[in-house]
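Structure record follows, encoded as structure tokens.
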Amino acid sequence: MLGLTLKSLLARKWRSAMTALAVVFGIALVAGTYVLTDTTNQAFDEIFVKSNEKIDVTITGRERVDQPDGSVPAFSDRYLDEVRAVDGVSDAAGSVFTPGSILNDKGKSTGAPFAPQFISSVLPARLEALNYVEGRPPRKPNEAALDEAAAERGGLRVGDTIRLVGTGAALPYRLVGLTRLGSASFGGSSISQVTLPVAQRITGKRGEFDQISVAGKDSVSPEELKRRVAAVLPESLLVETGTENAERQASDVRDGLSFLTIALFAFGAISLFVGSFVIFNVFSITVAQRTREFGMLRTLGASRRQILRNVLVEGLVIGLVASVFGVLVGIGLAEGLSALLSGFGIDLPGNSLVVVPRTVIVSFLIGVGVTLVSSMIPAFRATRVPPIAALSEDILQAGGTRLWIRGLVSFVLGVAGVALIAWVLVGNIEGGAGAARIGAGAVCLVVSIAIFSPRLIQPLVRVIGWPIARFGGLTGKLARENSLRTPARTAVTSAALMIGIALVAFVTIFASGLNSSVTDVIAQNVRGQIILQGPGGFVEIPPEAVRDAEVVQGVEAASGVRYTQARVPRAGGTAVASVDPRSVDRVLEIDLVEGTQADLRALAPGRAVIGQKLADEAGLGLGDRFRPLTKTGRRPELEVTAIMASGNLDFLGEVVVSETQMDRDFGVKADFFGFVRVKPGENVEKVKDRISRTLDRPYPTVEVLNQDELEQRQREQINAILALIYVLLALAVVVSLVGIVVTLILSIYERTRELGMLRAVGMSRRQVKRMIRFEAVITAVLGASAGLVLGIIFAFLMGIPLEGEGFVLSYPIPTLLAILVLSALAGVLASVYPARKAARLDVLEAISYE
Amino acid sequence: MVSARGLERIYGEGEASVQALDGVDVDFDHGLFTSIMGPSGSGKSTLMHILAGLDRPTAGAVQIDGVEITDLDDADLTQLRRDKLGFVFQFFNLLPVLTAEENVVLPLTIARRKPDQEWVDQLMETVGLADRKTHRPAELSGGQQQRVAIARARVTRPSVLFADEPPGNLDAESSHQVLQLLRSAVDEFGQTVIMVTHEPDAAAHGDRLIALRDGRLVHDAPPVSADAVIELLKTLG
Ligand SMILES: Nc1ncnc2c1ncn2[C@@H]1O[C@H](COP(=O)(O)OP(=O)(O)O)[C@@H](O)[C@H]1O
Ligand SMILES: [Mg+2]
């Protein structure tokens, strides 16, 4: 029987291959993600292990409050002497390692736009991990070293001048050495080394270290040394062995990447889900076409189990083949994904691709699992073919599931889906748990729709097919009737497309909502006509830049805004912003619920303006005092002097303090934005040019933008992410188009005799082609319109809970219509091959068929 | 031995119902070749399907070698087919992906029994396809395909062979060969053959001719000659 199964599978090579193709993409995305993250993680593991090779114990600031950028506070350099005095320590040195900007002599960045750059200090040779491939370490205050790869990217050589920007102005340094860390690459990031005093000065860490590295005497184990060192240091410092430190950093990177991994897996899952529809359809059609064969096998003594096995083994084999290709394509995809991501500035280091057994095993489990599950229902349907089917002259359709069962299953799934989604929306479940429930809910809903939709197909196809039947002549009418012949088939085929289009519509609407929300937030909250921000809006800017801008001719006021996270009792992690009280009311529009603008101007250390949401959550009112825990471990006492309306997309967070307090107690020394108000009567563009010219030389990394440009930048970021999502969703859409192709070809095969008859009575090849094309367009437009409706509903539902945060939904009608038109065109594309095949049928052969 | 008692089969319900069989009692002894004839729609196929356990009667019972098959469940019926029954269809129903020989041994493959190669060779010889073993159905003529189907029906040495209009639309020469093969199953191996046919010539090959009209048994006697059969059919209308 196995031999027979394989033989009949081979005889249907073509459709088996298309079936396999339906899951190959999904498996490839999963395998590719694994390969990509494994490769990246391994590279980072190597980097961190190499960095700590000569180090027995590390001392770093302990993270008190999670920061979005993962930064930990620096600590006082006075602990170094205490560490040196510990018995068993042979060497100890403090160092600084801080994000900054590395520019060439002309002030241009040496790296990719979003790639991280770091300024670090040189360690004594006995602790230093970097090798000098050329030149030597910097010794004088005006010397710097740079990693080899960054030098190559920036076209820099020893002897050239580079400029470094920390928290102050850009200063020039002479390049005296090029470095390398073992054989590892840093991905797209760059590291420049300067002497310790210079590093401390330009990163605003005078008298502070980011880390103390310790080498022990041979007689002491790292663990013992760690214990001894920890004994003399306060709780606020984290003491680890070099190995522990490397492992922690590696796992931090892993956690950081896990978001990306989960997102890619999600797209893989979507593609597989769509693929399962295609497989289900192909198997259903194949089983129907083989009814007589199954009946014959039954009369020859085949049991139901054998028939079941026959179909499932086909599923198994197709799943295995798909998995093999999926893994191979996935490995190729890992390269492609890495290129795609680096196009977005997410550069991942990596030498050769890492393929571990887990990657292959999981891919196979998924490939085979999805195929088997999708072929399960058709397989059971095959077992219900009675032996008598072998003797009947017309092919019996194996009985479909009874209507009430269908209705019930569909209803239960639909209710479950809505309930799951509602649970998240009403219950305010955040993060992965919420997303998982929304996903499960969406799957339930889509399956429910797919099960029930054969009932809806009739009227829908009538409507959608109307213009085609009306203006497409006879071929149009026939096409519409053909789509209605097997409603279940049409339903499943278009449901597959519906999923992809629903997601496309959803993200399109959502992104458009984000865009208009950003515009609203800027328009409503920012009174300053000119905005200063770091490169790409990701990096902080020197506060001096804002101060310099303030004295430019034509400027009325300039104020910097800083951000951090702190933990507020009874409310947890909370976004905190600081403003400059002298000018805040002139550059920002802050909507106060309680208190006055005068309270804003009177903001001083010890006072805070809080958001309505926090006030409710933490039970705080005017005059109340609270003590947030800051990232540096302090607990400054703050008195609430005003309450502002929440719902500005976290533009000012939930707590606003004065700049002085931010600097002193929250440990944030650089601005994120600078807002500049132009004097009345001054030309904004002229003032902007003046600011640009003033800042260009000392602060080349600062971007000077007007409001339109800021909106534009924000929009570009959103659109870049949107483009990435489109590319990944395209995989799912392509899979559903494959579904349209196979379904068309199979139904053409079924209708061979009928097509021959039509040709015999005078239908031209062109008419045949047109008929098939119309069928494909009907299916595609059906799926796309259902998808659009579903996407709009989802976006609407998801928008409700976000409304409180200032999110405004907007519907980009032209884009949505374009999606519909593109889907119709995709339908035409999907029909090219099947139509040609149908047109090529030999008339005589077709009518004497069987 | 196959025996049927009080067989009734009603298709559909109410107004639209059709009484395909209306109280049929009939026995088929071992080693006899019985032809079933009758006008179109008289219930021949229905009778055969019920005798072979492919369909269940509305009333009445069927026994094959003493086993009441109308009570058997699907698994037991499957076993019965493997052990005792062979089928020859009007449409040859060969699997296009298998060779002639593979098609012949298919029932054994399905039952996971090892084919007796000597017996298979002999069968192929008997049906005159010893030199066509590795051909696929598409490479065989209609008559050859039907002979493969007969070899397949005989490969398990079933005690009863059912055939529904086996010569189908074959030419005279081929249909003669096909009938000869069924005849030899009876003569040389003592098997029982029950064949539905509408061709007087075919019926003349049998040991016994029964005729149906409107679902009732109206004739039961040894066939005399093809001409006599034609006369009989005329009286049945
Ligand atoms: N599956 C069925 N459903 C309804 N009526 C049927 C079915 N099969 C046969 N019949 C009816 O039963 C009667 C006997 O059919 P059948 O046994 O096929 O006759 P024959 O083989 O002698 O031509 C006919 O009237 C036929 O229309
Ligand atoms: Mg019949």
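The values are calculated or read from the model by the stated rules, or taken from the named source; none is laboratory data. Given the structure is predicted, the values throughout are model-derived calculations rather than measurements. Note that we place each Cβ from the backbone using ideal geometry, even for glycine, and neighbour counts take in every protein chain shown.
Restricted to segment B:24-45, and to residues there that are out of contact with any Lys or Arg (no Cβ under 8 Å at 6 or more places or on another chain) and more than 15 Å from B:Asp187 (Cα to Cα), the residue that is farthest from ligand 1 (Cβ to nearest atom) is B:Asp27.
Of the helices (runs of 4 or more DSSP H) lying entirely inside segment A:442-558, the ones with 1 or more residues being within 21 Å of A:Ser736 (Cα to Cα) and out of contact with any Leu (no Cβ under 6 Å at 6 or more places or on another chain) are found at A:473-485, A:487-525.
Only residues that are within 19 Å of B:Ile36 (Cβ to Cβ) and either within 14 Å of another protein chain (Cβ to nearest Cβ) or surrounded by fewer than 20 Cβ atoms within 10 Å (Cβ to Cβ) (or both): list them for segment B:150-167, please.
B:Ile150, B:Ala153, B:Pro158, B:Ser159, B:Val160, B:Leu161, B:Phe162, B:Ala163, B:Asp164, B:Glu165, B:Pro166
For B:Phe87, indicate whether it is modelled with pLDDT of 90 or more and within 27 Å of B:Met1 (Cβ to Cβ). No.
Please go through segment A:294-303 and give me each residue that is at the interface with chain B (Cβ under 7 Å from one of its Cβ atoms) and assigned to a helix (DSSP H, G or I), ordered by number. Walk me through it before giving the result.
Filtering segment A:294-303 down to residues at the interface with chain B (Cβ under 7 Å from one of its Cβ atoms) leaves A:296-297, A:299-303.
Residues satisfying the conditions are A:Met296, A:Leu297, A:Thr299.
Filtering segment B:46-69 down to residues that are more than 24 Å from A:Arg384 (Cβ to Cβ) and among the charged types (D, E, K, R), which residue is nearest to ligand 1 (Cβ to nearest atom)? Here the residue is B:Glu68.
Can you say whether A:Asp81 is over 15 Å from A:Asp252 (Cα atoms) and not in a helix (DSSP H, G or I), as far as the supplied structure shows? For A:Asp81, the condition - over 15 Å from A:Asp252 (Cα atoms) and not in a helix (DSSP H, G or I) - is not met.
Within the group B:Leu72, B:Leu21, which residue is more than 23 Å from B:His205 (Cβ to Cβ) and within 16 Å of ligand 1 (Cβ to nearest atom)?
Working: B:Leu72 fails: within 16 Å of ligand 1 (Cβ to nearest atom).
Going through B:Leu72, B:Leu21 in turn, just one is more than 23 Å from B:His205 (Cβ to Cβ) and within 16 Å of ligand 1 (Cβ to nearest atom): B:Leu21.
In the set A:Ser251, A:Ser284, only one residue is part of a helix (DSSP H, G or I), away from chain B (no Cβ under 14 Å) and more than 30 Å from B:Pro96 (Cβ to Cβ); that residue is A:Ser251.
In segment A:802-822, what residues are under 30 Å from A:Leu614 (Cβ atoms) and loosely packed, with under 14 Cβ neighbours inside 10 Å? Step through it out loud before you land on a result.
Just the residues of segment A:802-822 that are under 30 Å from A:Leu614 (Cβ atoms), to begin with: A:802-810.
Matches in segment A:802-822: A:Glu803, A:Gly804, A:Glu805.
Taking the numbered list (1) over 17 Å from the mean Cα position of the chain (by Cα); (2) of a type in the set (Gly, Ala, Ser); (3) within 16 Å of ligand 2 (Cβ to nearest atom) in turn, B:Ala221 passes all entries but (3).
Please verify whether B:Gly143 is more than 10 Å from chain A (Cβ to nearest Cβ), outside any helix (DSSP H, G or I) and either within 16 Å of ligand 2 (Cβ to nearest atom) or not charged (D, E, K, R) (or both), treating the condition exactly as stated. Here the answer is no, as B:Gly143 does not meet what is asked. Being within 16 Å of ligand 1 (Cβ to nearest atom), surrounded by fewer than 22 Cβ atoms within 10 Å (Cβ to Cβ) and touching a residue at least 60 places away in the same chain (Cβ under 8 Å) is a condition met by at least one residue of segment B:168-176.
Considering only residues in segment B:183-226 that are part of a loop (DSSP other than H, G, I, E, B) and modelled with pLDDT of 85 or more, the one that is nearest to ligand 1 (Cβ to nearest atom) turns out to be B:Gly215. For B:Arg81, the conditions (1) within 15 Å of ligand 1 (Cβ to nearest atom); (2) more than 30 Å from B:Ile230 (Cβ to Cβ); (3) among the basic types (Lys, Arg) are fulfilled apart from (1). How many residues does segment A:527-551 contain that are farther than 18 Å from A:Gln707 by Cβ and either in contact with a helix residue (DSSP H, G or I) (Cβ under 9 Å, 6 or more places away or on another chain) or touching a residue at least 40 places away in the same chain (Cβ under 8 Å) (or both)? So the answer is 11. Restricting attention to segment B:70-92, the residues being closer than 18 Å to B:His49 by Cβ and under 14 Å from the mean Cα position of the chain (by Cα) number 9. No other residue among B:Asp55, B:Asp65 is surrounded by fewer than 22 Cβ atoms within 10 Å (Cβ to Cβ), at the interface with chain A (Cβ under 8 Å from one of its Cβ atoms), at pLDDT 85 or above and more than 30 Å from B:Arg136 (Cβ to Cβ) apart from B:Asp55. Scanning segment B:1-18 for residues that are assigned to a strand (DSSP E or B), within 13 Å of ligand 1 (Cβ to nearest atom) and either of a type in the set (Ser, Thr, Tyr) or away from every other protein chain (no Cβ under 14 Å) (or both) returns B:Leu7, B:Glu8, B:Ile10, B:Tyr11, B:Val18.
Look at (1) surrounded by 22 or more Cβ atoms within 10 Å (Cβ to Cβ); (2) of a type in the set (Val, Ile, Thr); (3) assigned to a strand (DSSP E or B) and you find that A:Val229 fails only one, number (3). Is there a residue being in contact (Cβ under 8 Å) with a residue 24 or more places away in the chain, away from chain A (no Cβ under 14 Å) and farther than 26 Å from A:Val385 by Cβ anywhere in segment B:98-119? Yes - at least one qualifying residue is present in segment B:98-119.
Note on segment B:27-137: enclosed helices (runs of 4 or more DSSP H) holding 1 or more residues that are within 16 Å of ligand 2 (Cβ to nearest atom) and in contact with a strand residue (DSSP E or B) (Cβ under 7 Å, 6 or more places away or on another chain) are B:44-51.
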